[in-house]
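For reference, the structure discussed in these notes is given below.
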Amino acid sequence: MLTRLASALRWWPLALGSSLCLAQGAPAGPAPTDMARAPSVTAAVPPTESRQLTSAMTAEVMYLVLVGEMQTQSGQAGAGYSLLLEAARKSADPLLYRRAVEIAMQSGSGEAAISAAKTWASADKASTEPLRVTLQIMLSLNQVEQSEPTLEQLLDRVPDAERSELIDLVGHNYARAKDKSAAVRVLTTAMRLWQRNSASASSAWTALARVQLAAGLAEAATHSLENALQAVPETPAAGLLAVELLGANQHPLPEVKLQRHLSDFPEQHLVRMAYARYLLGASRWTDSERQLQHITQRQPALAEAWLMLGALQLQNNQLAPAHDSLNQFLSQAKHMPDERRDKALTQAYLLLAQLEEQRQNPAQARAWLDRIDTSDDMLRIQLRRASLLAREGKLDEARALIQDAPAGQPSEVRAKVLAEAQLLKDARQTQAAFDVLSNAVQAAPDDTDLMYEQAMVAEKLGRHADMERLLRRVIALSPDNAHAYNALGYAMADRNDRLPEAKELIVKALSFLPDDPFITDSLGWVEFRLGNLPEAARLLRKALAMRTDVEILTHLAEVLWVMGDRDHAKDLFRQASTLQPDNEALQSTLTRLGVRL
């Protein structure tokens, strides 16, 4: 059975029934149980269109339609299909052709559906819809090679203004075809003409690249995409695929090529948004913020950019800019599609509540939480309310609120445990936080997130052996967990313990996340411990360029202090103190070095 057909039909909207499952070569007549689900023509056609259809029918066509529907309802779908197709031929009405296709599809006869769609296409040479329907069905039946003439007709018939968007859809759908090699051959031929057309070249090269990538031809796909990036884009397809390929394991696209594309075509805001998300995921927060600033300055109505920027600024403890960005989002949210607006508003209210909590304004924080009128993020809302209670000294109430919060999925259970542990750490009840995490790890012994957090709390308690045991267990369960390698290596370096092994662990972490500012900071710190001061300063400057963080500032300041550049070191210490004056690492460093600001 072709279960992929239903999803394929979402390619283009059709007024077809809901039971969409074809079997290649299946007989035209369906089983009686299938026919019980076959809708009538008025069910398949919107009411206004149905009235138009009825008024346009001749008596003969009306008779064919009524008898055809009666045959279909009685389980004789083959006869019903023939009568509806004859009615469509006589009336040239697209609704009847569509109904004939629907009956064939519901009866499991893919070939009959293709035949009806092709007849429709021959009868109506001005419309692209019958060709779209034909192509959908052919790809669903894996008739990839046979689809080429239909695809070429469709590309030729579509209006110039719509061609690039159509080509983007073609690339996505042929990339999902079962016969990948055939898809590459068809697209190579079908796109050749449109690659020479300046208006469609970018999309045509991108469609080919996407299909080549799906077929495992990464090098060829990269070459095609580079051609796409050089052409003037009518759609964001080329840039979006470029972002997808930045982190590819084989033949990743050089990032400079995407950057050049964005420089040449600065109005590609959706591509820049995708790039900002990629940078955020790679922990390149400064670079991500730079891209978001570019978007908000040039396209202020793009609400999601303001939301991302506000979240990033809040994460960086830039409270005033975050407040402005989030309020800009609220003013622009009306431009968002309805299906995305509610979730985005909930996220904005949660962020604003967190911001006011950090400003020590619990009443205003609660006011933002009270504006949320959905239960979709109930756990996050409860966790935020618990944090407010804890800040007011009501730790027991806060813990009870977290423990009573609903949690159906393992990820939600984990979130509750981590939130409770964080409340206890903030209240300096470190042993209690360790116990909560220990109990959770016993209940979920392979949960590496919980285990990692327990290791971090063990380090704060001075239980270095427990920390190392837990982190090595995380690495054994998740060998590509960069943060576990980094945490273990940094802990060793910070204690001046087994420095060569510490460096090896951190270098391993950096191989997984080469642009992570915190891992780069760790490598700089271990170089400092090894006595390689110039290299330590270079790495710490690199980390600071990627992320303005109190501990990175503190590390670099200490290195410069030891190197004798004390004026510069004091400037960095002052900057760190402005960001977070009560930071433990900063204060202990100032005390140890005897620095007075």
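Per-structure values
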read-out	value
Wholly enclosed helices (runs of 4 or more DSSP H) of segment 413-494 bearing at least 1 residues farther than 28 Å from Ala282 by Cβ	430-443, 448-460, 464-477
Residue, surrounded by the most Cβ atoms within 10 Å (Cβ to Cβ), within segment 256-281, restricted to residues that are charged (D, E, K, R) and more than 17 Å from Thr222 (Cα to Cα)	Arg272
Test: residue in segment 283-293 that is free of Cβ contacts under 8 Å to residues at least 60 places away in the same chain and not in a helix (DSSP H, G or I)	no
Total residues in segment 384-409, condition small (Gly, Ala, Ser), more than 22 Å from Leu352 (Cα to Cα) and at pLDDT 90 or above	1
Matching entry among Leu418, Leu471 (being in contact (Cβ under 8 Å) with a residue 24 or more places away in the chain and not aromatic (Phe, Trp, Tyr))	Leu418
Condition check for Ala36: within 18 Å of Val133 (Cα to Cα) and at pLDDT below 50	no
Yes/no for Ser200 being buried (at least 16 other Cβ atoms within 10 Å of the Cβ) and more than 29 Å from Val232 (Cβ to Cβ)	no
Residue within segment 530-547 that is touching a residue at least 60 places away in the same chain (Cβ under 8 Å), outside any loop (DSSP other than H, G, I, E, B) and small (Gly, Ala, Ser) present	yes
Those residues of segment 389-414 which are free of Cβ contacts under 8 Å to residues at least 12 places away in the same chain and touching a helix residue (DSSP H, G or I) at 6+ places or on another chain (Cβ under 6 Å), in sequence order	Glu397
Count of segment 234-254 residues which are crowded, with 17+ Cβ neighbours inside 10 Å and in a helix (DSSP H, G or I)	9
Selection status of Asn327, surrounded by fewer than 18 Cβ atoms within 10 Å (Cβ to Cβ), under 24 Å from Thr374 (Cα atoms) and more than 22 Å from the chain's Cα centre (by Cα)	yes
All positions within segment 133-172 that are within 15 Å of Ala209 (Cα to Cα) and surrounded by 21 or more Cβ atoms within 10 Å (Cβ to Cβ)	Ser164, Ile167, Asp168, Val170, Gly171
Identity of the residue in segment 459-488, buried (at least 23 other Cβ atoms within 10 Å of the Cβ) and either of a type in the set (Gly, Ala, Ser) or over 32 Å from the mean Cα position of the chain (by Cα) (or both), that ends up nearest to Leu523 (Cα to Cα)	Ala487
Count of segment 548-597 residues which are under 40 Å from the mean Cα position of the chain (by Cα), assigned to a loop (DSSP other than H, G, I, E, B) and surrounded by 15 or more Cβ atoms within 10 Å (Cβ to Cβ)	4
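Yes/no per residue for (1) among the basic types (Lys, Arg); (2) out of contact with any helix residue (DSSP H, G or I) (no Cβ under 7 Å at 6 or more places or on another chain); (3) at negative phi:
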{"site": "Gly239", "(1), (2), (3)": "no, no, yes"}
{"site": "Leu253", "(1), (2), (3)": "no, no, yes"}
{"site": "Arg260", "(1), (2), (3)": "yes, yes, yes"}
{"site": "Ser263", "(1), (2), (3)": "no, yes, yes"}
{"site": "Tyr275", "(1), (2), (3)": "no, no, yes"}
{"site": "Ala282", "(1), (2), (3)": "no, yes, yes"}
{"site": "Gln291", "(1), (2), (3)": "no, no, yes"}
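A quick yes/no check of all residues on (1) modelled with pLDDT of 95 or more; (2) hydroxyl-bearing (Ser, Thr, Tyr); (3) under 22 Å from the mean Cα position of the chain (by Cα); (4) over 28 Å from Leu262 (Cβ atoms):
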{"position": "Leu151", "(1), (2), (3), (4)": "yes, no, no, yes"}
{"position": "Val184", "(1), (2), (3), (4)": "yes, no, no, yes"}
{"position": "Thr189", "(1), (2), (3), (4)": "yes, yes, no, yes"}
{"position": "Arg192", "(1), (2), (3), (4)": "yes, no, no, no"}
{"position": "Ser203", "(1), (2), (3), (4)": "yes, yes, yes, no"}
{"position": "Ala207", "(1), (2), (3), (4)": "yes, no, yes, no"}
{"position": "Asn227", "(1), (2), (3), (4)": "yes, no, no, no"}
{"position": "Pro236", "(1), (2), (3), (4)": "yes, no, yes, no"}
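The values are calculated or read from the model by the stated rules, or taken from the named source; none is laboratory data. Keep in mind it's a predicted model, so treat the numbers as computed, not measured. Quick reminder, even Gly has a Cβ in these numbers, built from the backbone with ideal geometry, and neighbours come from all protein chains shown.
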